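Data first, discussion second: the structure below is written as structure tokens.
The values are calculated or read from the model by the stated rules, or taken from the named source; none is laboratory data. None of the values given here were measured: they were computed from a predicted structure. Methodologically, a virtual Cβ is constructed for each residue, glycine included, from the backbone with ideal geometry; neighbour enumeration extends over all protein chains shown. Quick note on the areas: whole protein, heavy atoms, side chains included, nothing else; ligands and nucleic acids left out. Shrake-Rupley method; radii C 1.70, N 1.55, O 1.52, S 1.80 Å.
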Amino acid sequence: MHLNDHSLRQLDDAYIQSLDPEALRGLSLRLLADLKEARDRLNQGPENSSRPPSSRVPWERASGGRPWGEDIKDSKPTVESADAKPADAKPADAKPVDAKPVDAKPKRKPGKQPGAPGIGRTQVFHAHEEQPHYPEVCAGCGRRLESALTVAYTGFQAVDLHWADPANPGLTLWVIDHRFYEVACACGHRTRAEAGHGEVDPLLAGVELSEWRLVGPGLAALLVALALRFRLSRARIQEFLDEWLGLKLSIGTIHQTIHEAGAAVAPAEEELVQAVLASDLLHADETAWPEHGQPLWLWVFLSATVTLYYVAGRGRELVENVLDGFTGWLMSDGWIAYRHYPRRLRCWAHLIRKALGLAQSCDREARRFGQQVLKILETLMAAIYAAREGPSTGHLPTQHAPALAELRAACGQHQNSDHRKTHALAVELLNDWEAIFQVLQHPDWPLTNNAAERALRHWVILRKLSSGTRTPVGSRGVALLASVIDTCRQRGHAPWRYLERTIADRRAGLPLPPLPQLGE
Ligand SMILES: [Zn+2]
């Protein structure tokens, strides 16, 4: 929208008559654009609201998937959401922002006002700096504003993080008084500067990206680090900020800030998916991730330069859609969701564990089969290691054809065994034969899926501490932030400065800054 309510209310017959033709044309165009946008919003229902394809959940395209839009129960009103500055908010007075909470005016619209004191802003600080915000052009006639007739009409106090430099280390909270100014133009129109706001992924409905925030972008990045990297509960984060930094934030503000950070990085998904698709070798794995009692899964797709997470069901739709267009090799366990993919590698660690279990069984048949499988896999592993070390010794599948034939025969013999685990291992080897022994063709490829399992381990501990997430919005936020955090680390960058900049830019309505690259 070009014109806010404050500007719109000033427009009348007399003002329109006073404009020269050029200014009038400019104003007409802005009004026309606003009218169309307003009309579209008016006509938009859930059935025709547009969604950019990149913001669709990947497993939704194929099968309809699970309905993410509904059940957003935890967008309960919190301090931070109330902090958001409504477009038609009545301006508060122009008093210094640190003097008094700005909603103390008697005449006001119902509901929370901009900058209204919640639990999160009962503290008032001495500001380290004042940041004035001026409008650049007149919202009426469109001319550049250079008038000295300015008055601060509203403002708020933000707490941010002052990053240490190597010469002067330390963690400092930095308090900024943001002042928003109204400037009078020669044409008579008075234009107000406003806090920016960003566009939010429709799958994160209820989350708002806005510059009108108590928690500045650097402090927001710290909250994400404490929650996801250091795995502190919201209550522990609150305790840390209070007892170490003297800052009192409500649980609601902390919660909302982390959700907002998830919305800020959401457009990175596109770039991460592209990096996944471009990789030669991809590891995939999944682990349980409950969402409000619903048994979902945290999936990871990991290559040398990217880590991408999703919280989703355990079906193959997710794999199909994430890997739509992928032509590299996929390393995974034997889970059915991966089986349709043609260029597949299998993790040997699982097979060796199962063979070892059989080798130690009390059942004679199981013991013999287990020992046989184990012996052959160990021989092949030794050959693979040797091939990695030294000069090529020839084609491993040909060299070990007798051992492979022996194993295949043994599997055939035991696939109808009455012993359940013997039967299961024989069938698994036969069913997945090509994927399992593909590595003999390319001995430099990994034998295990350790890379993906290691990536998930961090989040498994978080799950145990937090019991997963409560809503689709929470799940998506965690997956997006986890992807960005782990990808940055993988590329040799601490994620936090990137996250700070991303939050700042996206709150201002700017596009996502590009992700840091390896070796930058
Ligand atoms: Zn003007």
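What to note about this one:
- Residue among SER475, SER467, SER483 that alone is buried (at least 22 other Cβ atoms within 10 Å of the Cβ) and either hydrophobic (A, V, I, L, M, F, W, C) or out of contact with any helix residue (DSSP H, G or I) (no Cβ under 7 Å at 6 or more places or on another chain) (or both): SER475
- Looking across the range 191-201 at every residue that is outside any loop (DSSP other than H, G, I, E, B) and away from the ligand (no atom under 16 Å from the Cβ), the one that is most open to solvent (accessible area, probe 1.4 Å) is identified as HIS197.
- Failed item in (1) assigned to a helix (DSSP H, G or I); (2) surrounded by fewer than 18 Cβ atoms within 10 Å (Cβ to Cβ), with ALA288 passing the rest: (1)
- 3 or more residues open to solvent by 90 Å² or more (accessible area, probe 1.4 Å), within 24 Å of TRP329 (Cβ to Cβ) and at pLDDT 90 or above: qualifying helices (runs of 4 or more DSSP H) within the range 383-461: none
- Restricting the first member to the range 500-520 and to residues that are touching a residue at least 40 places away in the same chain (Cβ under 8 Å), and the second to residues that are among the aromatic types (Phe, Trp, Tyr) and assigned to a helix (DSSP H, G or I), the beta-carbon pairs closer than 8 Å and six or more apart or on different chains are LEU515/TYR498.
- Considering residues of the range 118-169 that are within 16 Å of the ligand (Cβ to nearest atom) and more than 19 Å from PHE180 (Cβ to Cβ) only, the residue surrounded by the fewest Cβ atoms within 10 Å (Cβ to Cβ): ARG143
- Against the list (1) crowded, with 20+ Cβ neighbours inside 10 Å; (2) within 16 Å of the ligand (Cβ to nearest atom), the condition GLY188 fails is (1).
- Residue list for the range 337-354, filter: touching a Gly at 6+ places or on another chain (Cβ under 9 Å) and not in a loop (DSSP other than H, G, I, E, B): ALA337, ARG346, HIS350, LEU351, LYS354
- Checking GLU239, GLU211, GLU182 one by one, the residue that is open to solvent by 10 Å² or more (accessible area, probe 1.4 Å), within 30 Å of LEU11 (Cα to Cα), of a type in the set (D, E, K, R) and away from the ligand (no atom under 16 Å from the Cβ) is GLU211 and no other.
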